[in-house]
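The values are calculated or read from the model by the stated rules, or taken from the named source; none is laboratory data. Being a predicted model, the structure only gives us computed values, none of them experimental. Cβ placement follows ideal geometry from the backbone for every residue including glycine, while neighbour counts extend to all protein chains displayed.
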Amino acid sequence: MGIDVERWKARIRTAVDELRGTLLATSHDIHANPELLFKEHRASARLADELERGGLRVARGVGGLATAFRAELDGGEPGPTLAILAEYDALPGIGHACGHNIIASSALGAGLALARSGERFPGRVVIIGTPAEEGGGGKILLAQAGVFDDVDAAFMLHPSRSDMVRRSSLASSRIELVFHGKASHAAGAPDLGINALEAVIQTFVGVNARRLQMRADARVHGIITHGGDAVNIIPARASARFSVRARDRAYQRRLVTMLRQAAEAGATSTGARLEWAETRGYDNTVPNPTIADVMARDMTALRRPVVEPAPNERMGSTDMGDISQILPAIHAYFAIVPESIANHTVEFAVAAASPAGDAAVVDGAATLAMTAADLLAEPALLARAKAEFARQLAAGEVAGRRTWLAHGKEYAAVGVPE
Ligand SMILES: [Zn+2]
């Protein structure tokens, strides 16, 4: 039908310029009023209101989550559905130290700019408000509830240390370990006790004993959540929490087995009894090459040269990883801090409302909208993205919808923070 995509993208950029004030006000408001997972009422209402005012059709509380929403822009002709995802939850204590205010405002800007551009196109763009990335797995819950069933491709932007389109993320899960021993007087009758704390310590020692044999991407990190009540009591109960992550789920499962062996050895060597509970984490992100290429070109056009991730790239985990397991998707990054600053720090929280953070909102809105325009104007691109996903599925690099839904039953419940 011949969309002039360069003219469309020029109109998108003009629209983003006009929207600058609204987008930054929204970003700063969300930043100044941090809300924790599943309680993002103010942020989700503000975003939904703005999208509705911009002419999108908004459904609130989708997927059974009160702070989720789905805003739809219909192109006027039949075609694919592209999703741009917004996150807006904050962290306890340090507020928007992951910069989700920027993710939310750039997604908002993309939706509003596409609406303002006035272009007729085949298909739909949906802005999906996804709560609780920091520990609740909002995207997993929404996908399980069918909110992504009609989505052909999805993408989003996250603030970071450099501009990237191909960074992946780690598959994760969380394990709670409780050791049950027997209390006794630690000086008067130690021989009558069973020391649960020593079982925890042996677990850490056992994990450390295998670190050299772990792959470089392995992350097995734990804390002691209970180590006893008094120094003169042999601890009858001690507990630890581990997060286990790797670049792919198969290796992550092997690491969980290693942890299990260390914990069982800890129990055996001390006489304590092990109680083990695993909680589902997030799947690793598998970036879609075509969507990544399209977005890289749009970022470069905004004078943001894209950096390729290092072989030993620093990565966390995100529930966008799960979305990338069921459909073509990318989780792209915009620089707002230098390489020396990590997210989940006070410095990152400050940057999320700084001039660099604001630039990421504005450039992010334009990038997301232009990427949507490219994919809608040139159907061959989306066809290629889908063919790549089919290849990834055949190669076992992604799970696909059916297998992915099944691992909801393999692990107890959702709930591992980034
Ligand atoms: Zn984040």
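Table for the structure above
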read-out: Boolean, Ala132 is within 15 Å of the chain's Cα centre (by Cα) and crowded, with 20+ Cβ neighbours inside 10 Å; value: yes
read-out: Meets criteria (hydroxyl-bearing (Ser, Thr, Tyr), within 16 Å of the ligand (Cβ to nearest atom) and either modelled with pLDDT of 95 or more or under 20 Å from the mean Cα position of the chain (by Cα) (or both)) for Thr345; value: yes
read-out: Filter pass, Ile128 being in contact (Cβ under 8 Å) with a residue 40 or more places away in the chain and assigned to a strand (DSSP E or B); value: yes
read-out: Hits in the stretch 252-305 (condition: in contact with a Lys or Arg (Cβ under 8 Å, 6 or more places away or on another chain), among the β-branched types (Val, Ile, Thr) and either surrounded by 19 or more Cβ atoms within 10 Å (Cβ to Cβ) or closer than 23 Å to Gln392 by Cα (or both)); value: Thr285, Thr290
read-out: Candidates Thr225, Thr257, Thr203 - the one that is on the phi < 0 side of the Ramachandran plot, free of Cβ contacts under 8 Å to residues at least 12 places away in the same chain and not in a loop (DSSP other than H, G, I, E, B); value: Thr257
read-out: Test: residue in the stretch 158-181 that is over 18 Å from the mean Cα position of the chain (by Cα), modelled with pLDDT of 95 or more and more than 21 Å from Thr203 (Cβ to Cβ); value: no
read-out: Residue match in the stretch 78-100 (condition: without any contact (Cβ under 8 Å) to a residue 40 or more places away in the chain and over 26 Å from Ala353 (Cβ atoms)); value: no
